[in-house]
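The structure appears right after this line, and notes come after that.
The values are calculated or read from the model by the stated rules, or taken from the named source; none is laboratory data. Treat the numbers as computed from the prediction; the structure is a model and nothing was measured. Heads up, the Cβs are rebuilt from the backbone with ideal geometry, glycines too, and the neighbour counts pull from every protein chain shown.
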Amino acid sequence: MSKPHYYSQHSAAFRAELGQVLSRQVLHDLHRRSGPRHLVVALRQFAILAACTWVLVRFTQPLVWLPLALIQGLTIFNFTVLLHEVVHHAVFARRRPAAERLLGFLYAVPSGISATQFTRWHLDHHAGLGSSEDDPKRHHLSPTINARWFKLLYATPALFPIYFRAARRETATYPGDIQRRIAAERRLSMVAHLSALGLIWWLAGPGAALRAYIVPVFFVFPLAFTLNRLGQHYDIDPTDPAKWTTLVRGSWFWDFAFLNSNYHLEHHYFPGVPFYRLPALQRALTPFYERRAFRWRSYGGLLRGWLLENQAPHTNWAGTAKDEHAAAVEGHGR
């Protein structure tokens, strides 16, 4: 971490409140990490990737390959979620540096990023949360033009030059040895992607390459990335550090689709809790949310505020939450 810990400087008061909601035993149980449980999910993701690739290469019917291309793109995105677990040492019960480095590389390759860059970028994001300067994701990656056409670019192949431009600007502030490591990792990822694309093209033709690689990577991945990020820090209350992250109610569909990365508020409160325990953490924190009058959001409501109402990122969208009441009532009923 290279940034000042802006977030911890502003979060001490509400963290004391959290201590009244969660006992030490509950926190201990929520922080339990299981290497086998993580690896089972990782193997499932690699299996989905392989199965989708096989079907997408062989079948040309749109009713077959279009849904699978969506799953393929989501799966590629979710490797960044698994990489995120490595960053926070949430994989194994005890630190295993060599295994974590290997997993970090394997998880970074599908999305074409550098594990080192992602690690530094993400930990600085945690440290600088709430600051428009110290948080690199907010400073470099958030839309600088509050216009619908510009926001929609993030859900298209334009995401890649936008992201890598942001990453390059932040990487330029790192020490030289880290910059060289990031460059080497990116080259390896690029070679892996070009090899995969070339192999599919050579063995099965351009149509298969379009279905199994180009559509999932360049068209579905940006959609998954953009929607997931809507549920992170765009609709917040800048005046309350406890609400610098958006509260999204969990659901079976989004829990599976995003590997529980939709529980982003809970993750910022307790970064060491593994992803498979975040739903339980949200349930345990519900009394705190109710006492502090948090607004429960849904992805549908966030999309409406983001595009139809053209709300600005990192601001309070309270006026868009009228229809969230029904979702909240339904959730409490469950």
Checked Thr246, Thr226 against criteria (under 20 Å from Thr144 (Cα atoms), out of contact with any strand residue (DSSP E or B) (no Cβ under 9 Å at 6 or more places or on another chain) and of a type in the set (Ser, Thr, Tyr)); the one match is Thr226
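Being modelled with pLDDT under 95 and not hydrophobic (A, V, I, L, M, F, W, C) is the filter here; which residues of the range 296-327 pass it? Can you show your working first?
Here is the first cut: in the range 296-327, the residues modelled with pLDDT under 95 are 318-327.
Selection gives Gly319, Thr320, Lys322, Asp323, Glu324, His325.
Going residue by residue through the range 103-114, is there one that turns out to be exposed (fewer than 14 other Cβ atoms within 10 Å of the Cβ) and at pLDDT 95 or above?
So in the range 103-114, the residues exposed (fewer than 14 other Cβ atoms within 10 Å of the Cβ) come out as none.
There is no residue in the range 103-114 that is exposed (fewer than 14 other Cβ atoms within 10 Å of the Cβ) and at pLDDT 95 or above.
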The helices (runs of 4 or more DSSP H) lying entirely within the range 244-309 that contain at least 1 residues which are in contact with a Gly (Cβ under 9 Å, 6 or more places away or on another chain) and not hydrophobic (A, V, I, L, M, F, W, C) are 264-269, 278-291, 299-303
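Which one is farthest from Lys151 (Cα to Cα), of the residues in the range 196-223 that are of a type in the set (Phe, Trp, Tyr) and crowded, with 22+ Cβ neighbours inside 10 Å?
Tyr213
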Picked from the range 70-91 (must be within 11 Å of the chain's Cα centre (by Cα) and closer than 15 Å to Ala115 by Cβ), the residue surrounded by the fewest Cβ atoms within 10 Å (Cβ to Cβ) is Val81
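In contact with a helix residue (DSSP H, G or I) (Cβ under 9 Å, 6 or more places away or on another chain), modelled with pLDDT under 95 and acidic (Asp, Glu), is that true of Glu17?
Working: in contact with a helix residue (DSSP H, G or I) (Cβ under 9 Å, 6 or more places away or on another chain): yes; modelled with pLDDT under 95: yes; acidic (Asp, Glu): yes.
Answer is yes for this residue.
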Scanning the range 16-25 for residues that are in a helix (DSSP H, G or I) and either more than 25 Å from the chain's Cα centre (by Cα) or closer than 13 Å to Asp240 by Cβ (or both) gives Ala16, Glu17, Gly19, Gln20, Val21, Arg24, Gln25
